[in-house]
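Where a number appears in this text, it was derived from the coordinates with a stated rule and is not lab data. Treat the numbers as computed from the prediction; the structure is a model and nothing was measured. Here the Cβ is made from the backbone with ideal geometry for all residues, glycine too, and neighbour counts use every protein chain on show.
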Amino acid sequence: MKLLYTLLIFAAFSNQLFAQSDRQAERVIADFIRSVEQTSVQAKFELTTLDENNRPMQVQSGTFRMRGDRFSLLTDDFDVFFDGKTQWTYMDAVGEVMITEPTGDDLAEINPIFLLRQYQNKSTIRFAVGNAGANYSIDLTPNAQADFSRIFVQINRSTRNLVSVHLFTRQGFSMQINFTQFQRGVNIPDSYFVFDKSKYDDDIFINDLR
């Protein structure tokens with residue numbers, strides 16, 4: 001009887017610690033999102049698409065900028081601009097810019113910070129196995145209706161800057177986004193979030209889908 005009582009106490013104590021750990025992980029994600037919403041951010045990124053066996057299929061690098069609900073992604077193959085309402089997606093391979101007014105879900109597919117904001121209230125959030133060292137390692141497990149089965153996030157403990165986001169799809173492949181030179185409070189003018197046709201070829205095709 002004494003052993004059973006001890007086991008029950010231990011189980012209750014373990015559950016309490018686990019719950020506290022979950023709340024702390026949720027707080028790290030929420031604090032990060034809140035902090036970047038209050039300033040501007042700029043970072044270099046590398047996006048790697050991996051197959052079902054975790055082998056790289058495609059690697060893309062570029063620059064990410066964001067201020068409030070505005071952002072831009074610039075790479076060698078494509079550029080994305082969003083001014084808070086309108087999105088311009090330029091594809092270099094076809095010489096075309098597509099203009100849309102995206103939904104929140106559309107934006108979450110492109111902007112990793114918007115994605116975290118979109119999924120923070122739709123996921124179970126816990127510290128990942130091996131949560132130690134310089135970065136917080138956090139697992140978001142979205143609900144069954146989501147496109148992703150798991151979102152693995154690393155945030156630097158001292159700077160609270162985003163280090164990486166690894167997205168696992170239900171189809172088996174995944175996408176890893178690594179960030180470097182993550183800066184806050186950068187002066188980013190409004191023009192950085194709007195497509196400027198004068199900076200591209202004259203014969204660019206404009207596909208307005210609004």
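For the Cα atoms of the chain, what angle does the longest principal axis make with the long axis of helix 2-37, in degrees from 0 to 90, nearest 10?
Its long axis makes an angle of about 20 degrees.
Which aspartates and glutamates, if any, have their Cα less than 19 Å from the Cα of residue 85, not counting same-chain residues under 8 positions apart?
Cα-Cα hits under 19 Å: 37, 69, 101, 105, 106, 109, 190, 196, 208.
Say we join alpha carbon atoms closer than 10 Å with springs in a Gaussian network model of the chain; which of 192, 90, 200 then has the biggest fluctuation?
200
With a 10 Å radius around each residue's Cβ, average the other Cβ atoms per peptide and rank 65-75, 123-133, highest first. Working shown, then result.
On the way: 65-75: 19.0, 123-133: 13.8.
In descending order of packing, they fall as 65-75, 123-133.
Of the labelled options (i) 0.96; (ii) 1.04; (iii) 1.20, which one gives Cα Rg over 2.2 N^0.38 Å as computed for this structure?
It is the value labelled (iii).
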